[in-house]
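Peer 1: Could you have a look at this structure, given as structure tokens, before my questions?
The values are calculated or read from the model by the stated rules, or taken from the named source; none is laboratory data. As the structure is a computational prediction, the values presented were derived from the model and not from experiment. Here the Cβ positions follow ideal geometry from the backbone for every residue, glycine too, while neighbour counts run over all protein chains shown.
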Amino acid sequence: MATKEELCKKIQDVYPKAGVCGVDFDVEHDETVKAWAVDLHHGFNHLRTFVEIDEADNCLEGKMCIPLGMQIAQLKQNFDCPS
């Protein structure tokens, strides 16, 4: 299974506009849903998405990162932040 650090770096690589892990977004493993939780924050706004473990692992193995990038891009777009 991927680590938090690996997933943070991959999100920054796949979608640089997401910002900096620990500042603009956070990643943590959520045992309740058995997935990675990605939290984006901008001011007082907060959005969360879940990335399946297999999806994160596939992305880190270089197989397919499009779903991960799309999820993060969608969240970021919801903030309507300038690029």
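Peer 1: Residue by residue through the range 44-66, note down the ones that are under 16 Å from Val27 (Cβ atoms), out of contact with any strand residue (DSSP E or B) (no Cβ under 8 Å at 6 or more places or on another chain) and modelled with pLDDT under 85.
Peer 2: Listed by number, the list holds a single entry, Cys65.
Peer 1: Sort out for me the strands (runs of 3 or more DSSP E) sitting completely within the range 1-74 that have 1 or more residues that are exposed (fewer than 14 other Cβ atoms within 10 Å of the Cβ).
Peer 2: By residue number, 25-30, 45-52.
Peer 1: For the range 67-83: of the residues being under 20 Å from Lys4 (Cβ atoms) and hydrophobic (A, V, I, L, M, F, W, C), which is modelled with the lowest pLDDT? Explain how you work it out, then say what you get.
Peer 2: Here is the first cut: in the range 67-83, the residues under 20 Å from Lys4 (Cβ atoms) are 67-69, 71-72, 75-76.
The next check asks that each one be hydrophobic (A, V, I, L, M, F, W, C); those that pass are 68, 72, 75.
Numbers: Leu68: 72, Ile72: 73, Leu75: 68.
This residue is Leu75.
Peer 1: Looking at the range 1-22 only, could you name the residues that are within 16 Å of Leu47 (Cβ to Cβ) and either polar (S, T, N, Q) or modelled with pLDDT under 90 (or both)?
Peer 2: Ile11, Tyr15, Lys17, Ala18, Gly19
Peer 1: Which of the residues spanning the range 1-10 are in contact (Cβ under 8 Å) with a residue 24 or more places away in the chain and either touching a strand residue (DSSP E or B) at 6+ places or on another chain (Cβ under 7 Å) or among the basic types (Lys, Arg) (or both)?
Peer 2: Across the range 1-10, the qualifying residues are Lys4, Leu7, Lys10.
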